[in-house]
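Trainee: Sharing a structure with you now.
The values are calculated or read from the model by the stated rules, or taken from the named source; none is laboratory data. As the structure is a computational prediction, the values presented were derived from the model and not from experiment. The protein model used for the area step is the full one, side chains on, heavy atoms only, and it has no ligands, DNA or RNA in it. Shrake-Rupley method; radii C 1.70, N 1.55, O 1.52, S 1.80 Å.
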Amino acid sequence: MTALSTLDSLYVPLHRIIPFSNVEGQGNRSSIFLQGCKLNCLYCHNPETIPRYAEGVSQVSLRYLYDQVMEAVPFIRGVTISGGEPTLHHKKLIPLFHTLRTQGLSCYLDSSGFFDFERIRPLIEVTDKFLFDLKGEGMGLQTLCFDRKNRKGLIPNNILSETQRIKTENLTRNLSNLSKLLPLNKVEEVRLVFVRDFFDAFKLIDQLAILLKPHPNVLLKIIRVHTKGARDEQGLQDFVPSQGETDQLADYAKKCGIDHILTIY
Ligand code: SF4
């Protein structure tokens, strides 16, 4: 068991805490949003969480987070750490999860899915479930999520620019991590933000269906991208699929053998 004194000495950058949430995994949960993400999704509706250090961001001890969560007990079933990207803080989250689990609380991570699996394996071992983002595939994904130079989050004119330097590991790591987590029974839901034109969502569903086939209980959430809170709301507008297009994608997923689907418009 982790001594509470260990939690006193470890600090993380906190964005905010929602004491009760029922959209961050099963049951009523406390959601903790940490600061910092290595991606730069153009549709990110919490772009202020991308910088790890920013003015006004408070560093709080894990003990503070633990105490906040315990105040919500007995009205919660567990805790979800979100961001930003929570796995950036993988070493520090291990003692927090250990301690929360001894209190009977389940520990979830809401992750972009782009992490070094072996590096964060000790955290995976003490994580009950992932809410796992499926980001896309191909060259458009580089533009959509990996262009860190695009600090203003503007939608570029040429979203599939051939001149971009493609980092292949970026494009494959997401699905590769999912394929490793699923057999460990560590995934509760896979979330796909459906954006038109940046990537072939149907091709992505083909690949996902192969992975999900042996895991019918894993929920696929297809979320039609919304512009609210994005840095370039107007630019993103052209890439919002219609409700009909979103339904078509969900129907296609069903045809591919994925039965457990929730569509969010
Ligand atoms: S992974 Fe999430 S937090 Fe990071 S930029 Fe993308 S949407 Fe924002």
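Trainee: Could you please state how large a percent of the accessible area of the chain is carbon and sulfur, counting protein chains only and using a 1.4 Å probe?
Mentor: Details: 6340 of 12740 Å².
Of all accessible area on the chain, carbon and sulfur atoms account for 50 percent.
Trainee: Same structure again: Taking H placed 1.01 Å from N in the peptide plane, check which residues at least 5 places from GLY78 or on another chain put their amide H under 5 Å from its amide H.
Mentor: The list, which skips near neighbours in sequence, is SER30, SER106.
Trainee: Sorted from largest to smallest, which semi-axis lengths in Å does the alpha carbon gyration tensor of region 109-265 give for its equivalent ellipsoid, taking the root of 5 times each eigenvalue?
Mentor: 25, 20, 14
Trainee: Looking at the P(r) of the chain, how many percent of alpha-carbon pairs lie beyond 27 Å?
Mentor: Working: 13316 of 34980 pairs.
For the chain, the share of Cα pairs beyond 27 Å comes to 38 percent.
Trainee: Here's another thing I want to ask about it. Past 27 Å, Cα to Cα: identify those pairs from LYS38/LYS180; LYS91/LYS186; LYS92/LYS152, in the order given.
Mentor: Working: LYS38/LYS180 21 Å; LYS91/LYS186 18 Å; LYS92/LYS152 30 Å.
With Cα atoms farther than 27 Å apart: LYS92/LYS152.
Trainee: How large, in Å, is region 206-265 by the Kirkwood hydrodynamic radius built from its alpha-carbon pairs? Kindly include the intermediate steps, with their values, before the conclusion.
Mentor: Values: mean 1/r = 0.0788 Å⁻¹.
Taking the inverse mean of 1/r over all distinct Cα pairs, region 206-265 comes out at 12.7 Å.
Trainee: Give the accessible surface of the chain per residue, rounded to a whole number of Å², with probe radius 1.4 Å and ligands, DNA and RNA excluded.
Mentor: Working: 12740 Å² over 265 residues.
Accessible area per residue, the chain: 48 Å².
Trainee: Would you check the accessible area of TYR108, probe 1.4 Å, heavy atoms only, in square angstrom rounded to 10?
Mentor: Counting only protein heavy atoms, the figure is 20 Å².
Trainee: Shifting gears a bit: Please report, in cubic angstrom per residue, the volume enclosed by the convex hull of the alpha-carbon atoms of region 1-136. Could you put the intermediate results ahead of the total?
Mentor: Numbers: hull volume 14.3 nm³, N = 136.
Hull volume over Cα atoms, normalised by residue count, gives 105 Å³.
Trainee: Just subtract the alpha-carbon distance of TYR53 and ILE264 from 0.36 nm times their residue separation and send over the number in nm, one decimal. All intermediate terms of the calculation are to be shown ahead of the outcome.
Mentor: Details: separation 211, 0.36 × 211 = 75.96 nm, distance 3.21 nm.
Working it through step by step, the gained length comes to 72.7 nm.
Trainee: Can you pull the accessible area of LYS254 for me, 1.4 Å probe, Å² to the nearest 10?
Mentor: Probe radius 1.4 Å; accessible area of LYS254 about 110 Å².
Trainee: Using θ = phi - 60° and the Karplus curve 6.51 cos²θ - 1.76 cosθ + 1.60, what whole-Hz ³J(HN,Hα) does each residue of region 113-129 get, with Gly and Pro shown as x?
Mentor: x, 9, 9, 7, 4, 5, 5, 9, 3, x, 6, 4, 4, 9, 9, 6, 8
Trainee: Which length gain, in nm to one decimal place, applies between HIS98 and SER61 when the Cα-Cα distance is subtracted from 0.36 nm times their residue separation? Mind dumping the intermediate values first?
Mentor: Working: separation 37, 0.36 × 37 = 13.32 nm, distance 1.53 nm.
The span from HIS98 to SER61 would gain 11.8 nm if fully extended.
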